[in-house]
Structures are given as C-alpha cells and as structure tokens.
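Student: Quick one: this structure, given as structure tokens, is what I'll be asking you about.
The values are calculated or read from the model by the stated rules, or taken from the named source; none is laboratory data. As the structure is a prediction and not an experimental result, all values here were calculated from the model. With ideal geometry, Cβ positions are generated from the backbone for all residues, glycine too; neighbour counts draw on all protein chains shown. Remember, those area values only see protein heavy atoms, side chains included, never the ligands or the DNA or RNA. Shrake-Rupley method; radii C 1.70, N 1.55, O 1.52, S 1.80 Å.
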Amino acid sequence: MSKEKRKSLDIKVEGPMKEEGVLLTCKGIDKSFSGVQVLFGADFEMNYGEVHALMGENGAGKSTLIKIVTGVYHKDAGQLYIDEESVEISNPIEARAHGIAVIYQELSLVPDLTVMENIYLGQELKKYGFVEKNRMRERTLDLIKKYELDLNPDATVEVLSMAQRQMVEVLKALSTNAKLIIMDEPTSSLSAAESEHLFRTIESLKKKGTGIIYVTHRLEEVYRIADRLTVMRNGEVVGTLTKAEINPRTVTTMMIGHEIKTEYDVQRTFNDDFVLEVKDLRYGDLLKGVSFTAKGGEILGIGGLVGSGRTELLHCIYGAKKPSGGRILLNGKPVSRSVIKNINNGFGLVPEDRRREGFNPLQTVEKNIAIASHDVIANALGLVYAKKERDWAEKAIEDYDIRPKNRKMIVDNMSGGNQQKVILGRWLIREPRVLILDEPTVGVDVGVRAELYRFMRQLTESGSIIIMVSSDLFELVQVSDRILVMHDGVFFEEFPREKATQAAVLMAASGEHTEEGVPLV
Amino acid sequence: MKKKLNSSTIRRFITIGLVIALTALFSLLSSNFLSMYNLSELFRNAAYLGLIACGLSVVMVGGGIDLSVGGIVCATGIICVHLSDIGLSGYMVLILGIITGGAFGLLNGFIVTKLKLTEFVTTLASGFLFFGLGLVFAYRDDHGTLMAHSIKSNTYLSLGQPLLPGGFYLISLVWVVLAIILWVVMHKTELGLYTFAIGSDEKSARMSGVNVAKIKVIGFIMSGAFSGLAAVFVTAYERTASTSLGNMREFLAIAACVVGGVVLGGGKGDAVSAFLGALFLAMLDNGLRKFGMDSYVVYMIQGSLILVAIAFDSQFAKISYRRRVKEQRLSAQTLTS
Amino acid sequence: MKEKILSSLTGVWAFRVLILLIVCVFMGISEPRFLTIGNIVNIISYISVYGIMACGMLFAVLIGGLDLSIGRVAALSGTIACIVARVGGFSATWCLIGIACAIVAGILIGYFHGFLIVKLAIPSFVVTLATSYVIYGAITLLSGGSRVDFVRGSLMDTISNARIVEFTLSSGKPFVIQMNVVIFIVFAVICWYVLSKTTFGRRIYAIGGNTTAAQFVGINVFRNSCAAYAISSGAACIGGLILMSSTSYAAQTLGAGYEGMVLMALIVGGINLAGGKGTISGAIFGALLVGIIANICTLVDFLNLEYLKFFQGLIILIVCIISVILETRSRRGKGRKAKQIAEMQAQDE
C-alpha cells in the first residue's frame, strides 16, 4: 500500500486533471445497523468542479452516506460509480486510491511540524534514508501556487490560524491527487473572516476541477459557495436543488418535513416577582451584548447553531465563566461569580457533555447525586450524615425513576438516559430556582425524554426558571414557552410559543429573518 | 510570514547564553577553570550525563518519559564488568553494553506499547527492577556483603583513559559525535520526523499513517542504548562498577533535557537541547564545587532549575496562545474591513 | 445487579486475604521464625511508617497526582524536629515545638506542590521529583551533612519507642505494642474517617473522578488539591518523625527510597494511579504486603534487603499489567453494552 502511495507521489504534481462530467454517482444506497435501516435508497450525484452541499438535521443520514463513500461503512444495497464506472470501496485506503479524501471537523495535523512536513507526513520523499526536504518544499510550493493559497511551507502549523490549518489539510488531500474532497462542517470552528478564506480556497479548487462535497448546517454558506444542494431527511434524499432554486423557505421545509405540534394543554402563568435579567452580556468574541429577561415559571429555550456562543452564555450565568462585560441580575440583585454560592442560592447546571463535564464515572449514583448537596447532607463542620445522604439519594432515585433502582450503582455502567436522570436529579431534588440545561437530551431515548420534559414542567409549576439550550429543534419548539435564537453572538429573533415552528427557528439560526419571529436585531 | 520563536528555541538561546555567562564568570573568578585538566574533567562529567540525556531526549521528544535510565546505567555497568571478567575484550564489552542497554529499553517499549501501561509507571517500576538487577549481579564477598571489584581487562580500562596527555576523554568525543548524529537523525530522517509527530499530536500522527508503537519502541531502545554506552565508559573510568552507579541519574538527565529546551509532553527540542542542558548542568556543578560550594547547593539549584524551566514552558504556552488568539482577531478584523 | 456488586466487593477482599494467606503460609513453612508473635509485632511496627505515608499519599493519588518527595520530606521533618529541639536541650516543650515545626514545614511544602501542580499545570511527578532534590539540599544545609542525634529518653524517643501495651505471654515471651503502631492506627482511622465521612473526602473523590464535573458542582479544585498534597507531605513528616525516633538520629539518608515502597504499596492495594478510586483499606493492605516482603528479605539469609528494590519493580509491573488487562477486558464488555444501547437508540429514531 505505502509503495503504491509513494509511486503516485512521484508523478509530477499536477493535481487532478481538469475533467468534465460526472465524478461520483450513488444509486439506491441502503444501509441498516443491526436491523434498523438508516439509509433508504439514497441517490446522489456530483460533477467535476462542483461544490455540492449536503444538508440535513442530525440523524438524517448525511454522515452515513459519507462514510459509505469513504469506505468506513459497507453499503447493504445500491451501487457507487466513479467516472461513470462502477466501483467497490471497502475501506478508507481504497477510497483514497480512488481519489476521495475527507477533511473531518477535527483536523489531523501535527502542531509542531511545518506545513510541508505535515503535508508529506507518512509519505515522505526519501533518498538514501534521508528525507528530502528540498524536494518536498518545491512540490509544496507548486501546490500552493497552483491553488493560489496564502501559506508558507516552512511555517510551523502551531502558529497558523484555523483557516490556514484547513488549507494545509486540503493540500494534504491534494498531494495524494484527490479529485473529490469531502468537507464535514469545516467552518464550525472558524470566524467569519476565516470562513471567507476557506471559501476562496474552495473556489480555487473548483476552478481546477476538484469536486467538493460540503456538509454543513449553515444556509448562508450554501448560498455563498454551493452549486447544488442535496437535502436529506430520515435516511432519505428529499431532493437536489440547483443554485437558482435554493431559498431558505424551501430548504427548511425540505429538512423538517411535515411539522406536527402538540397544542397547549394548560394555560401557563408566569410569575413577575421572580425574574432573571441578563443585560448586555459579553464574552470574548462569542457573546456580543446579549440581553434577556426570564420570569418565574418559564421554560426559556435558546436556539442557534453549535458554536454560536450558547454554552458560554449558560456558563456565564452559572458563574463558571467570567463574562468580559454586562450584568446578570436575579430579582434586581447581581448574581455571584462563584459557582458554589450560586448553587446555594438555588442555581443548577446540566452541562452539555455529560461524560466529560457531568458525572463522576467512578462513583455511585448516591455520591453523584449528593455531591451537589453538601449543604443538605452535612453539618457545618463538613461531616456527612450517611443516613441523610442515603435518603437524599433514594428520594431522587424514587422521584425521578432512575433505573436500576440501586443507589450503589456505578454511574458509568448505566444507560445514557439514566445517567442524564442522575445529573438532572442531582439538581431537581434541590428544587432549584434557576435551572440551566445545556442539550439536556442528547443520546437519551424517546421514552426517557418525555419523562425529563415532565420533570421540567413540574419544576416550573413551582415558580422556578428553566433556561434550556438545545440543538434539537423538535424539542426546542415542543418544550419551550419562549424561544430566543442566537446568531453571531447576539439574540437574532424571539419566538413566542404559539408561533414557533422548527422551520422558522432553523431559518433564524441561519441568520434569515422570518415572518413568525420578532426580530431583535 | 516569518518563522516564530517557540519556547524550545528561546530556551535553547537562554541556555547558550547561560553557558557563555558561566564560562566567563568562572574563568574570571578562577584561573584554572579554563585549564586543560579542568576542561577535560568538565567535559567528561558532562558527557556522562549528556549521553544519557541525549538518548532520553528521543523518548521525551516523542512525548514520553524514561525514569529507568539510572537503573539501566547501574545494571549495564555491573553486567559489563562481569562480561569483561569472562574474558571479553573492552570493545566487545562496549558493543554488548550498548546491546544490553538497548534490550532494557526494548523491555520498556514492549510494556508501554503492547501491555499499555503508562510510560511513567512502567519506567519507574522497571527502574527499580534494573537497580535491583544491578544488586543481584553485584560483586559480593563470602558473607554476602558488597565489595569493590576492579576491572582487569586492559582494553576495557583504556576506554576510560585520557586520549591526550593533558586529558580529554574518549567519552567526550563520542558524546559530541553522537549528539550531532542524533540531531541529523531527528531532523533529516523519517524516524525523527515521526518522533516529533507523535510527541506533538499522537492521534493526528496515527491518522496520517505513522506507526506510533514502532517509533515509541525505537525511542526507548535509543534511550536504553545511550545509557548502556554511558555505563561502559563510566565503569572504565572508575575501574569498577558500584551499586550506586547511576543513582539519581534519571533525574539529572531529565533536568538536562528540560533545561536545554526539550518540552515535557513532547514535540519540541532535540539532542542539541540535551547536549546544551547537560553541558550547563555539568559546568554549574564544576564551577560551584570549585568555589567550595557544597553539594547541597548544587542539588537545590538543579531541583529549582527544573521547576523554573517547566514553569517557563507552561506559562509561555499560555501567553503565546493568548497572543495568537489576539493576532488572529486583528487579522480577521483587517480582512473584514 | 446487587449480587454483582456484592460479589465484586467480596472478590476484592477475598483476593487480598488470599494473597496475604498465601504469602504467610509459604513463609511460615519455609521460615519458621516468620510466624512467631515477636516477628508479627515486628512486621506491624515495620509497616507503621509505610502505612502512615501510604495513607497520606493516597490523598494525592486520589486527585490524580503523585508525591515522589515523601522520602525526602520524611528526612527533612526528622532533621527540623531535632535541630529545633536541640535549641532547648531536648526538653519536652522544645521537642513539641520541634515536632510542630516539622509538621508545619511539611504542610507548607504540600501547599507549594499544589500551587505548582494546579496553578502552573506542571505534572505532579516532575514537581515532586524536583522538590525532593531541593529538599535534599535543604536538609544538608540544615544539618551540615552530618547526622543529628537526640538525647535518649527525651520526648523524641517516645514517638516511636514508648511501650503502650506490654505483657508476657504464656510462653514466657514479651508482647509489646509500641507508640509507632498506635500512631499508625490512629492516623489510619482519621484518614478513613476523613475520606469516607466528610465532605472533604467526597470532594477529593469527585476531583479525581472527573475534574471538570467537580468544578461544575462548585468544588474549588485548587484549594482541595492543595489540601490533598499537604496531607501527603504532612503524613510523610509524621512517618519521618517515627523513623527518626526509631533509628535514634536524624539524617539526610533517612527515608530514602520510601516513595518507591509507598507507591508499590498503593499500586498493590488496588489504588488507581489515574485518580478517583481507592480506599484506605487498600493502602493499608498494600503497606502490609510491602512490610511482609521487606521482613522476608531481612529474615531469609540468602536474600538481602537490597533485593527489595528488584521485587519492588517486579511487583509494581506485574500488578499494573494485571489491572490493565482486567480493565481492558471489562471495557470491552462495556463497549459491547454501549453499542447495544446505541443500536437501541438508533431504533428509536
């Protein structure tokens, strides 16, 4: 294999030949995982020199399709064609041999090596056992010139910006003569200006005939660079739009499909005596002056794309991050900057990544629940009353139906839904006044989700405030009393519950004003 | 786009500056500091530490740590004396010493890559093991108490003799040559590049097709082999192998690497860093002792140096990260405007 | 599920007792002197220093750190205590002042470690290795490189050698329990109480298990980590005082290599070096085993105490390898389970 790769590198670097016509065709791809079908006869086609965007909600099947093309998964049925010839791709190495390269969100560059060394890592040009840096540098320069990039082959990757790093990653793909480059949400960690850099790179690739599949959540990027857009939903390809046909309304409708919305069953009342006010909150580049007011008894949903500053907002309110400006007031009094003081004043936070930030995997349910309630289970000297701790945990297990019903269970060995119940239960049992939830139902199955929503409702009925960030549009629209959508560091639109639809929220998150929402900028 | 300074290069310049400053200081204060005799002693001591540090730098650049080098020196030294006792010539012993040290390193590498123990625990424990092995093989009298045993082989002893009438030992020459070779290996060959790659970001290196386990094992073998080589020369100079051989050497070798600019955690630094660090530490030791400073002052300074050097790295990383973020923000603003 | 937990618990204890039994029976057969009352008392006395240090270092290990300076800290504490007490001619008051100074010094060293490790983000083993070098220099500076003797019969003597329980057995042999054993037991009980019955103990386990999660429930990681390192150094000081008392002088070499023995005790006692997992009983079991092995080496003629280092390395490696193998096996099982859960979730969608 490595010999073959080296041979391909010895051909003078010209990149892919400018070719016309169809590059890749997928016909009727089926895929199921242990009996559950996740792709239903997906069709996809792309040409040389085309940027083909691929959109769809989480779980729509985008990544499964990509992984079949790159040989990570094996398709159950259907056929792949490259250059209109039928091919079988059974592993990533074969995909590379066919000229298919992927650039993942998490880049695979080595920070301490130079641009050139990174491009040739694992496939160095060698003579008498020594690495030929000069020849590698020349070739790298050729590539850089050809695609008109702004890179120095001898710069250490560590000092490059994220956009430049992505260029290096692209060059790495091109150095293996890739003709199809798949980019998986490449701009999720880039600023607007950096994204612009990347788009220029993509245009330059396009001119030279490279095909690009561009997976994204951002509509504005699709307008900016895509020639065609394919939308997927629930494992099916809903349709492919040409550049002229792309407009926000059509795309969001295609992504969401037919919306069902349960009607309000009870009239919700909010308590004006208990308010959380956030005024002009700033945090680095991520929050550029965020203001809102939440009332007692309200579930305030916060929407927006990943990386739009939602998590930082929550952490600032909770006291875990120090805002660079602005004020946070609870009933007119400033909220403390200390997490433990806030907890004692009735705050609680369910973090985004429960495994990394939420629970202690080595400890029992009991300890994980009690860790946030030392003010309850211990005396002023810090002595823990074992019985109080046990009762506290057992009450939480009982009230929130944590299974297995065993306080000695190690949390790491439980299912995702029950782990989440442990973290939620840790706070709910304290009857918090302000509960902050960050993606509360990721990896939680449907049944448990309904329970979690019920617990949240119960809490608000006692007059507490819940602030919930969620990427799950369905959840956001169903559960929230009011939705604020973030875009580019500020709240972009506000949706009262009656008017919120998934499509409208999605559009607002992409920076498009809607009829349903109240514009805030 | 100019090549930016990283903490490793800055530290290398600081160390060079310190070496020059110390040379100036000591030669001004003491007339015999620059004498042939003193310099050859200085370079012999530096070479003993430096050889170990050069080998260790390979492991450290690759993101690992080897706390067993002291133990390897002890065990290899004693084994070498046994080998010469059974009639092998000094040159045979030299080769076998390198091989023995390399084998110890291979054991470390095997445990780390195949049995998946952390480098720290593995080499800490194997360090005990090797020291213990040295004790097992140590020369004892009939009552089981340790005793000194002189090397008889003349070719072996000649390895520890000065090359020139005024001094200058073979070990110093070997050290300088090997440090240069190692520098070339680290910067001009696939092995070196891959070592930097895994020390910098193991996951990315693996994704780019680097055989991480192989590179790690080679690193440990190098570290062991260099320690073995140092052991042969030291036993030859001391004419015997005591069980205190190599004691605390792992600490000094790490200190040499870190002071010279090998960043703990890997990815930055090379054999030249280890070379400079060892030279600096040996010079400090030599000079301070010359002025009647007791060994404890030297210990305290060495211990503090390691902390200062690493604190420098961690703070530098923090500051340069912040600066980079700021720069990017500025460049982003100019782009958008 | 309950049975599973129960069986795993008994499994650990069964395993520990089994190992102790095997070692004891094997030694009893091959070396008749081993199972005499006198020798057993001897062993317990022998492990008191290891035991105290292991209990203390457990705190550092639980938060995911290490303390390799304990050997030198022990030597330092003995030296400080003797030098300070010498000022007042080893009167009881001055002895107490000396002891207090030693322990305060140890605690300060621990806080210094905590600062470097947490605030400057330097790996704990480098920090403690480096400070142990500095401390070694400091001891020599204080004592001038020579040993510091104390007056026999002073309070310093009492720390280790006072006879608390003393009676003659029916066989006519004396049975003695000395002060050091009492200190060890009291210290172990306090540590056990702190770790399992106080919020501080809860916080230590929380930090070791998941530092980020601990911060999100309002735990001050810096302050608690510093306290853990301070306990480790403080325990090393107490161990050092006992060591000084039983050898009847303070010297810079006292306690050398103890960090390796204590580390071995912790690893053998099933304490996870990555932090968050481990108990006082495990640490004591480890110290017991280490003490027995050390005892064996001194009892059996053909073995020398120096061989201990060899065994030390071998045992640490073997125990670690076994635990890693067991862990990967259980993780594989867990991976399978996670896959099943993921599939179930996929079905829901």
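Student: Given +1 on the Cβ of Lys and Arg, -1 on the Cβ of Asp and Glu, and no further charges, what dipole in debye does the protein assembly as shown carry about its Cα centre, rounded to the nearest 20? Present the calculation step by step, with values, prior to reporting the outcome.
Tutor: Numbers: 118 positive and 105 negative charges, 486 e Å.
The dipole magnitude comes to about 2340 debye.
Student: Let me ask you something else. Taking only Cα atoms, what is the 0 to 90° angle, nearest 10, from helix C:179-197's long axis to the longest principal axis of chain C?
Tutor: The helix C:179-197 is inclined about 30 degrees to chain C.
Student: Pop out the ³J(HN,Hα) list for region A:504-517 in order, Karplus 6.51 cos²θ - 1.76 cosθ + 1.60 with θ = phi - 60°, rounded to Hz; leave Gly and Pro as x.
Tutor: 5, 4, 4, 5, 5, 5, 8, x, 10, 5, 10, 6, 6, x
Student: Any idea which of A:Ile436, A:Thr514, A:Leu484 is furthest toward the positive side of the dipole for region A:426-521, if Lys and Arg beta-carbons carry +1 and Asp and Glu beta-carbons -1?
Tutor: Ranked along the dipole, the leading option is A:Ile436.
Student: Would you tally the net charge around B:Thr118, using a Cβ to Cβ cut-off of less than 15 Å, leaving B:Thr118 out, and scoring K and R as +1, D and E as -1?
Tutor: Cβ neighbours under 15 Å give a net charge of -1.
Student: Also, I was wondering about something else. Given Cβ point charges of +1 (Lys, Arg) and -1 (Asp, Glu) and nothing else, what value in debye, to the nearest 20, does the dipole of region C:26-165 about its Cα centre take?
Tutor: Dipole about the Cα centre, nearest 20: 140 debye.
Student: For chain A, what is the accessible area per residue in Å² when the probe is 1.4 Å?
Tutor: Value returned for chain A: 40 Å² of accessible area per residue.
Student: With θ taken as phi - 60° and the coefficients 6.51, -1.76 and 1.60, list the Karplus ³J(HN,Hα) couplings across region B:162-172 in order, rounded to whole Hz; mark glycine and proline as x.
Tutor: Per residue, the Karplus-derived 3J(HN,Hα) values read x, 6, 9, x, x, x, 6, 9, 4, 4, 5 Hz.
Student: Right, another one. Using amide H atoms built in the peptide plane, which far-off residues or other-chain residues are under 5 Å from A:Glu493 H to H?
Tutor: HN-HN under 5 Å from A:Glu493: A:Val485, A:Leu520.
Student: List every residue whose amide H lies under 5 Å from the amide H of B:Thr189, counting only residues 5 or more places away in sequence or on a different chain, with H placed 1.01 Å from N in the peptide plane.
Tutor: A:Val131
Student: Tell me the angle of helix B:69-85 to the major Cα principal axis of chain B, expressed in degrees between 0 and 90 and rounded to the nearest ten.
Tutor: For helix B:69-85, the angle is close to 30 degrees.
Student: Longest segment of chain A with no chymotrypsin sites (Phe, Trp or Tyr not before Pro) in a DSSP loop having at most 11 other Cβ atoms within 10 Å?
Tutor: By the stated rule (loop sites, at most 11 other Cβ atoms within 10 Å), A:265-521.
Student: Compute the separation of the alpha-carbon centres of region A:452-511 and region A:353-428 and state it in Å as a whole number.
Tutor: After rounding, the separation between the Cα centres reads 28 Å.
Student: Oh, and also: Karplus couplings for region C:115-124 from phi (6.51 cos²θ - 1.76 cosθ + 1.60, θ = phi - 60°), rounded to Hz, Gly and Pro as x?
Tutor: Values per residue, Gly and Pro as x: 4, 5, 6, 7, 6, 9, 6, 9, x, 4 Hz.
Student: Please find, in a Gaussian network model of chain C (springs between Cα atoms separated by less than 10 Å), the residue of C:Val49, C:Val84, C:Val134 whose mean-square fluctuation is greatest.
Tutor: Taking springs between Cα atoms under 10 Å, the residue moving most is C:Val134.
Student: Check which residues have an amide H placed less than 5 Å from C:Gln178's amide H, if you skip close sequence neighbours.
Tutor: Distant-sequence amide H within range of C:Gln178: C:Ile164.
Student: Where nothing but the Cβ of Lys and Arg (+1) and of Asp and Glu (-1) is charged, how large is the charge dipole of region C:19-332 around its Cα centre, in debye to the nearest 20?
Tutor: Values: 17 positive and 9 negative charges, 143 e Å.
Magnitude of the dipole: close to 680 debye.
Student: Which residue fluctuates the most in chain C, going by a Gaussian network model with Cα springs under 10 Å, if the choices are C:Leu62, C:Leu108, C:Leu120?
Tutor: C:Leu120
Student: Counting partner chain Cβ atoms within 10 Å of every residue's Cβ in C:66-75, what's the average?
Tutor: Mean inter-chain Cβ contacts per residue within 10 Å come to 1.
Student: Calculate how steeply helix A:386-399 sits against the longest principal axis of the alpha-carbon atoms of chain A, using the helix alpha-carbon long axis, and give the answer as 0 to 90 degrees to the nearest 10.
Tutor: Rounded to the nearest ten degrees, it is 70.
Student: To continue, here is another question. Classify chain C: rounded, prolate or oblate, from the alpha-carbon gyration tensor (a ≥ b ≥ c, eigenvalue square roots; a/c under 1.5 rounded; otherwise prolate if a/b is larger than b/c)?
Tutor: oblate
Student: Moving on. Which value, in Å² rounded to 10, gives the accessible area of C:Cys24 with a 1.4 Å probe and all protein chains present?
Tutor: Rounded to the nearest 10, that gives 40 Å².
Student: Relative contact order for region B:35-323: what percent, with Cα pairs under 8 Å and sequence separation of 6 or more?
Tutor: Here the relative contact order equals 36 percent.
Student: What Cys residues in chain C are without a partner cysteine, judged by a Cβ distance under 4.7 Å?
Tutor: Lone cysteines by the Cβ rule: C:Cys24, C:Cys82, C:Cys95, C:Cys101, C:Cys226, C:Cys237, C:Cys297, C:Cys320.
Student: While we're here: What distance in nm lies between label points placed 7 Å from Cα along the C-beta direction at C:Arg163 and B:Asp141?
Tutor: For the pair C:Arg163/B:Asp141, the computed spacing is 3.7 nm.
Student: Kindly work out what percent of the DSSP beta bridges joining two residues of the protein assembly as shown are antiparallel, to the nearest 5. Write out the running numbers ahead of the final one.
Tutor: Numbers: 63 of 97 bridges.
About 65 percent, rounded to the nearest 5.
Student: Identify which of B:Phe226, B:Phe13, B:Phe196 has the largest mean-square fluctuation in a Gaussian network model of chain B, with springs joining Cα atoms closer than 10 Å.
Tutor: Largest GNM mean-square fluctuation: B:Phe13.
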